[in-house]
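The values are calculated or read from the model by the stated rules, or taken from the named source; none is laboratory data. What you are looking at is a predicted structure, and each value in this text was computed from that prediction instead of being measured. In this analysis, Cβ positions are derived from the backbone assuming ideal geometry, glycine residues included, and neighbour counts consider all displayed protein chains.
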């Protein structure tokens, strides 16, 4: 039995009635736009709504999530892959019992592993579907192959951008690279835009309109506007104190903006065409693709 068939059998076995996590991938065209902050604060807001949430930090080499959470993980995905750790052992629990998994460099090497390793990993990651209602994947920034592999595997992509011209240009470049990816499915992917670090709601809407205009004209790719997160001194202060602003200053402008975006993401009508794939399908899609480097 070849590797691909083995993985398909795992998915088939997991298609029996069971919980399936909603996998949301947060990305950006360039660094420094607030991507990881967005991932963390949306996780907190989902938790406040009664959702069980786990963040997978897939930003290789940058420990943004653990720094912002003020928690140092004892283990990461490499320990699951190479040390035989159980999935529950590599989850670190942060504020409000939001879990996170440090990817380390482990995910970048998945495509090179043998079948037995992959079967073990996929079966373990599939267990996240029973542990979490929502899994947020925080990717690296830019158009590296590893980032694109996560986006291609994800049915729900949140693209964080800012009013800076370079951020808008890089966001377009990311969408262009995604559109050209041989395994990208426009029908199965929902791309949603968050305007970050804006001075007003109008600036956020204008930012989206600019990006959407070129994306619609040249890429013919549908994107949805989720909302804007304003510039906020309380957010900067929370980052310095390694605490999500949604917890430290829940009535601040930025925290209320994250709350509104999370509420929109949980809106049943907006998500009626959204199909939850679960973590087994998510990672099987990645390892069945081409080899890639972080």
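With the requirement that a residue be assigned to a helix (DSSP H, G or I) and either in contact with a helix residue (DSSP H, G or I) (Cβ under 7 Å, 6 or more places away or on another chain) or closer than 14 Å to residue 120 by Cβ (or both), what does region 65-88 give you? If you could, list the steps in order and put the result at the bottom.
Filtering region 65-88 for residues assigned to a helix (DSSP H, G or I) gives 65-69, 77-82, 87-88.
Passing the criteria: 65, 68, 69, 77, 78, 79, 80, 81, 82, 87.
Of the residues making up region 96-128, those that are surrounded by fewer than 18 Cβ atoms within 10 Å (Cβ to Cβ), part of a helix (DSSP H, G or I) and at pLDDT 75 or above are 96, 97, 119, 120, 123.
Of the residues 219, 226, 178, only one is modelled with pLDDT of 95 or more, touching a helix residue (DSSP H, G or I) at 6+ places or on another chain (Cβ under 6 Å), surrounded by fewer than 19 Cβ atoms within 10 Å (Cβ to Cβ) and within 20 Å of residue 150 (Cβ to Cβ); which?
On the way: 226 fails: surrounded by fewer than 19 Cβ atoms within 10 Å (Cβ to Cβ); 178 fails: surrounded by fewer than 19 Cβ atoms within 10 Å (Cβ to Cβ).
Step by step, each of 219, 226, 178 is checked, and only 219 is modelled with pLDDT of 95 or more, touching a helix residue (DSSP H, G or I) at 6+ places or on another chain (Cβ under 6 Å), surrounded by fewer than 19 Cβ atoms within 10 Å (Cβ to Cβ) and within 20 Å of residue 150 (Cβ to Cβ).
Name the residue, out of 168, 131, 191, that is modelled with pLDDT of 90 or more, within 17 Å of residue 34 (Cβ to Cβ), surrounded by 16 or more Cβ atoms within 10 Å (Cβ to Cβ) and touching a strand residue (DSSP E or B) at 6+ places or on another chain (Cβ under 9 Å). Answer to the selection: 168.
Can you tell which of 52, 18, 22, 8 is modelled with pLDDT of 95 or more, farther than 16 Å from residue 260 by Cβ and surrounded by fewer than 24 Cβ atoms within 10 Å (Cβ to Cβ)?
One residue alone meets the criteria, 52.
I'd like to know if region 230-249 contains one or more residues that are in contact with a strand residue (DSSP E or B) (Cβ under 7 Å, 6 or more places away or on another chain) and either farther than 25 Å from residue 274 by Cβ or in contact (Cβ under 8 Å) with a residue 12 or more places away in the chain (or both). Before the answer, list the steps.
So the first thing to find is which residues in region 230-249 are in contact with a strand residue (DSSP E or B) (Cβ under 7 Å, 6 or more places away or on another chain), and the list is 230-231.
Right, trim to either farther than 25 Å from residue 274 by Cβ or in contact (Cβ under 8 Å) with a residue 12 or more places away in the chain (or both) and you get 230-231.
For region 230-249, residues in contact with a strand residue (DSSP E or B) (Cβ under 7 Å, 6 or more places away or on another chain) and either farther than 25 Å from residue 274 by Cβ or in contact (Cβ under 8 Å) with a residue 12 or more places away in the chain (or both): present.
Filtered by the rule that a residue be within 15 Å of residue 72 (Cβ to Cβ) and in contact (Cβ under 8 Å) with a residue 40 or more places away in the chain, region 88-102 gives 91, 95, 99, 100, 101, 102. Residues in region 131-149 that are in a helix (DSSP H, G or I) and either without any contact (Cβ under 8 Å) to a residue 60 or more places away in the chain or in contact with a helix residue (DSSP H, G or I) (Cβ under 7 Å, 6 or more places away or on another chain) (or both): 146, 148, 149.
Look at residue 207 and say whether it is over 19 Å from residue 50 (Cβ atoms) and either in contact with a helix residue (DSSP H, G or I) (Cβ under 6 Å, 6 or more places away or on another chain) or crowded, with 21+ Cβ neighbours inside 10 Å (or both). Yes, satisfied. Among the residues in region 68-89, are any surrounded by fewer than 22 Cβ atoms within 10 Å (Cβ to Cβ), farther than 30 Å from residue 248 by Cβ and at pLDDT below 75? For region 68-89, residues surrounded by fewer than 22 Cβ atoms within 10 Å (Cβ to Cβ), farther than 30 Å from residue 248 by Cβ and at pLDDT below 75: absent.
Where residues in region 20-59 are touching a strand residue (DSSP E or B) at 6+ places or on another chain (Cβ under 6 Å) and assigned to a loop (DSSP other than H, G, I, E, B), which of them is farthest from residue 148 (Cα to Cα)? Before the answer, list the steps.
In the first step, residues of region 20-59 are kept if they are touching a strand residue (DSSP E or B) at 6+ places or on another chain (Cβ under 6 Å); the result is 21-28, 30-31, 33-36, 38-39, 43, 46-47, 51, 53-59.
From what's left, assigned to a loop (DSSP other than H, G, I, E, B): 21, 30-31, 33-34, 51, 59.
Values: 21: 21, 30: 13, 31: 15, 33: 18, 34: 19, 51: 27, 59: 12 Å.
Across region 20-59, the extreme among qualifying residues is 51.
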